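Below you'll find the structure, written out as structure tokens, and then a few comments.
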Amino acid sequence: MTTGGDGRLEAALELLRARGGRVTSARRAVLSALLDHEEHASAEALVQVIHASHPDIHLSTVYRTLDAFEQLGVVTHVHLGHGRAVYHLTDEIHHHAVCERCGAVVQLPLALFAQLHDRLRDAFGFEVDAHHFALAGRCASCLAETRAEGERRPPAAAAAEADAGDAGDDLLLAGDVASEASP
């Protein structure tokens, strides 16, 4: 197992220490495996990487370690569709979109949803944790393929696309109503 991002590893270990976490060989191995994994990684994928150099670290230890890391704010998890939760370090927080057709994952910048977050908080007093779940849809490749194949879009998708402009207006109107109702 390499330490693909020694700077990131040391920063994650420092964050772990700063938040009261202990640095053990198992915790170091989990962090290294997360950094070595090129994509978001499930606990099962991490244990496969870890076993190459630490065969004594079991899956249950990886799960407990990830849970402790998440409680300390060192890692976060996301649900990409219907599969297992996958994890990544919190030093690069982002949103996710997952293709329902091929499973491709697109990392989206936080700023993309900033206005929606603000509107939901201001209009409804609701704080969104949108990076916890992925937006479902179709990636550019699959869209191009379906258009080339002449595949029909599901009626719900076509209706949602037709109403897309109206949905933004509804949220704005709801915000306006909420702000007008406030004294």
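The values are calculated or read from the model by the stated rules, or taken from the named source; none is laboratory data. Small disclaimer: the values here were computed from a predicted structure and weren't measured. No Cβ is skipped: glycine too gets one built from the backbone with ideal geometry, and neighbour counts run over all protein chains shown. With ligands, DNA and RNA removed, areas are computed over all heavy atoms of the protein, side chains included. Shrake-Rupley method; radii C 1.70, N 1.55, O 1.52, S 1.80 Å.
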- Note on the structure: Given the conditions (1) at pLDDT 90 or above; (2) more than 30 Å from Asp67 (Cβ to Cβ), every one holds for Ala156 apart from (1)
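Give me a count of the residues in segment 79-93 that are closer than 16 Å to Pro109 by Cβ and either of a type in the set (Phe, Trp, Tyr) or surrounded by 15 or more Cβ atoms within 10 Å (Cβ to Cβ) (or both). Reasoning before the result, please.
Quick first cut of segment 79-93, residues closer than 16 Å to Pro109 by Cβ only: 88, 90-93.
Retained after the next criterion (residues that are either of a type in the set (Phe, Trp, Tyr) or surrounded by 15 or more Cβ atoms within 10 Å (Cβ to Cβ) (or both)): 88, 90.
Counting residues in segment 79-93 that are closer than 16 Å to Pro109 by Cβ and either of a type in the set (Phe, Trp, Tyr) or surrounded by 15 or more Cβ atoms within 10 Å (Cβ to Cβ) (or both) gives 2.
Would you check if Val105 is touching a strand residue (DSSP E or B) at 6+ places or on another chain (Cβ under 6 Å) and not aromatic (Phe, Trp, Tyr)? Before the answer, list the steps.
Values: touching a strand residue (DSSP E or B) at 6+ places or on another chain (Cβ under 6 Å): yes; not aromatic (Phe, Trp, Tyr): yes.
Judged against the criteria, Val105 is a match.
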- Quick check: anything in segment 172-182 open to solvent by 70 Å² or more (accessible area, probe 1.4 Å), out of contact with any helix residue (DSSP H, G or I) (no Cβ under 8 Å at 6 or more places or on another chain) and at pLDDT 60 or above? no
- Task: Output the residue which, of all residues in segment 110-152 that are over 25 Å from Glu70 (Cα atoms) and among the basic types (Lys, Arg), is least open to solvent (accessible area, probe 1.4 Å).
- Result: Arg119
- Item | Residue count, segment 40-67 (criterion: under 18 Å from the mean Cα position of the chain (by Cα), open to solvent by less than 20 Å² (accessible area, probe 1.4 Å) and in contact (Cβ under 8 Å) with a residue 40 or more places away in the chain) | 3
- Note on the structure: Counting only residues that are in contact (Cβ under 8 Å) with a residue 12 or more places away in the chain, open to solvent by 80 Å² or more (accessible area, probe 1.4 Å) and part of a helix (DSSP H, G or I), segment 13-32 contains a total of 2
